[in-house]
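Notes follow the structure.
The values are calculated or read from the model by the stated rules, or taken from the named source; none is laboratory data. Computed from a predicted structure; not experimentally measured. Quick reminder, even Gly has a Cβ in these numbers, built from the backbone with ideal geometry, and neighbours come from all protein chains shown.
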Amino acid sequence: MIGTQDRWQGELFVSGSLRDLIPDEHVLRRVDRVLDRSWLRDAVTDCYCEDHGRPGIDPEAAVRLMLAGFLCGIVHDRKLMREAQVNLAIRWFAGYRLHAALPDHSSLTRIRQRWGEQRFRAVFQRTVRACLEAGIATGEVVHIDATLIRADVSWESLAARHVSAVAEANDAVELSQSGTPKRISATDPDATLAKADRRVSAQPSYKQHTAVDDLAGVVVDVVVTTGATSEGDWFAAQLENVASQTGRAIATVTADAGYAYAKIYAVAESAGIKAVVPPKAEPPPKSQVPLRRFKYDARHEIVRCPTGRVLRRSTRAPHGWFYRAKVADGRRCLLRETCLPRPHGSRSVVISDGYAALLRARRQRPRWTEREHALDRRHRWRSEGAHAEVKVQHGLRRAVRRRRWNVAIQAYLTAAAMNLKRLAAWLSIFLLQARRPLIIAGA
């Protein structure tokens, strides 16, 4: 027979805790077991006055509210506080009783402004340290990749940078590759136009550089820059950050073809790290003899052309050196018609910094072992999978606030939420195998 439900809910007092009403498998219930917050109050004490002003929000409650939002995919403060009004799990996780008044959404904004970017980075680094102590991250094999985050600006806010104003303020004029002033956003000047694919149009964006540990996908480092920043500019810094965070030397680093530049291989070689980065083939020239036919002698700092003539180092380029041949050699060259540009009397080539390391990587690529091929395939779903997770499940496809430091805080809390999920999953497996309670310090 069809059942009926009595909708009268007249109970005013409920015996027990809100925790009893939340399923054990709920993400907030699982994360609460591994969340260490004992250090937080001392870390932010200098942001508050001990003698004056009204009592502020408990730092632990504020961080728990923010983490609950990212764990549940709620990235906007207004929506988060509206959900917390009726969501028992968020109330319990943040430490608010059923009848307690929740803080206004603007309080979370003020807390971010007061604490600053570095304190939220410390929250993220604590989760990395907890994963290292649990043994689900080692820092020996690291996958590095970058992804774009759409800035929280409209197309109507974009305007061309006034050349004279830039020249007066910075003693330089910032121009695009076409020679025209760059377009910036009037509402968020930190965002820059960038695109992830040549087939799509550029959008005002930020770029997140992420390092993911190979063992369980723990995010071990996050850096947020403007969208136009090159991935390779932060490669060396991220290697240092990961080694400093884990306390161990990195054995292998992987990256995609976007990092296949000479300086990347040189940085890895100098640090004694195996770089599993598939090198890109040299693009074919339109008319001249390609660079691959020139022999570079790193020991003597010379270049030999296909006919055996020597090109010597002349002037500095942005990322390397120009090597030029003598004009007399160009006049006598048998390949003059195909090698020399029309208006020039001698051939010149640019040898980028670390070019010798790039040549070694190209020679080594056909001799990759099965492990190196496996790591290259693993990189595609470890690092790119982490970027997909933060965008689809945690709302990092688009920034919810403006200015780089605000987007960095969003990225730190998102990465912290991902690490806590992985740590909670490890604990669940451990308890299932051990079938005994485990006490987490600070929980």
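Key figures
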item: Residue list for the range 232-247, restricted to those being of a type in the set (D, E, K, R) and either crowded, with 20+ Cβ neighbours inside 10 Å or at pLDDT 90 or above (or both); result: GLU240
item: Test result for SER383, within 13 Å of the chain's Cα centre (by Cα) and either in a helix (DSSP H, G or I) or in contact (Cβ under 8 Å) with a residue 12 or more places away in the chain (or both); result: yes
item: Some residue of the range 356-366 being on the phi < 0 side of the Ramachandran plot, in a loop (DSSP other than H, G, I, E, B), of a type outside the set (Asp, Glu) and surrounded by 14 or more Cβ atoms within 10 Å (Cβ to Cβ); result: no
item: Subset of the range 248-263 (residues that are surrounded by 18 or more Cβ atoms within 10 Å (Cβ to Cβ) and in a helix (DSSP H, G or I)); result: TYR259, ALA262, LYS263
item: Enumeration of residues in the range 214-232 that are farther than 17 Å from ALA411 by Cβ and not hydroxyl-bearing (Ser, Thr, Tyr); result: ASP214, LEU215, ALA216, ALA228, GLY232
item: Residue among LEU396, LEU340, LEU311 that alone is under 26 Å from the mean Cα position of the chain (by Cα), surrounded by 19 or more Cβ atoms within 10 Å (Cβ to Cβ) and not hydroxyl-bearing (Ser, Thr, Tyr); result: LEU396
item: Some residue of the range 128-148 being at pLDDT 70 or above and touching a Cys at 6+ places or on another chain (Cβ under 8 Å); result: yes
item: Residue within the range 395-403 that is within 27 Å of LEU148 (Cα to Cα), of a type in the set (Val, Ile, Thr) and part of a helix (DSSP H, G or I) present; result: no
item: Restricting the range 68-109 to residues that are within 15 Å of VAL407 (Cα to Cα) and not β-branched (Val, Ile, Thr), the residue that is surrounded by the fewest Cβ atoms within 10 Å (Cβ to Cβ); result: HIS76
item: The range 194-217, subset under 18 Å from TRP405 (Cα atoms) and of a type outside the set (Gly, Ala, Ser), residue modelled with the lowest pLDDT; result: PRO204
item: Within the range 46-92, tally of residues that are over 24 Å from ALA415 (Cα atoms) and either among the hydroxyl-bearing types (Ser, Thr, Tyr) or not in a helix (DSSP H, G or I) (or both); result: 9
item: The range 236-250 residues that are over 9 Å from ASP221 (Cβ atoms), paired with ones that are among the acidic types (Asp, Glu) and part of a helix (DSSP H, G or I) (beta carbon under 6 Å, 6 or more apart); result: none
item: Whichever residue in the range 276-306 is over 30 Å from THR252 (Cβ atoms) and at pLDDT below 80 and, among such residues, is surrounded by the fewest Cβ atoms within 10 Å (Cβ to Cβ); result: LYS286
item: Top-ranked residue of the range 110-162 - restricted to ones that are out of contact with any helix residue (DSSP H, G or I) (no Cβ under 9 Å at 6 or more places or on another chain) and among the hydroxyl-bearing types (Ser, Thr, Tyr), ranked as surrounded by the most Cβ atoms within 10 Å (Cβ to Cβ); result: SER157
item: In the range 368-387, residue surrounded by the fewest Cβ atoms within 10 Å (Cβ to Cβ) [restricted to those that are over 16 Å from LYS274 (Cβ atoms) and hydrophobic (A, V, I, L, M, F, W, C)]; result: TRP381
item: Contacts under 8 angstrom Cβ, first residue in the range 348-360 being under 16 Å from ARG304 (Cα atoms) and modelled with pLDDT of 85 or more, partner in a loop (DSSP other than H, G, I, E, B) and not aliphatic (A, V, I, L, M), 6 or more apart; result: SER352/TYR261; SER352/HIS319
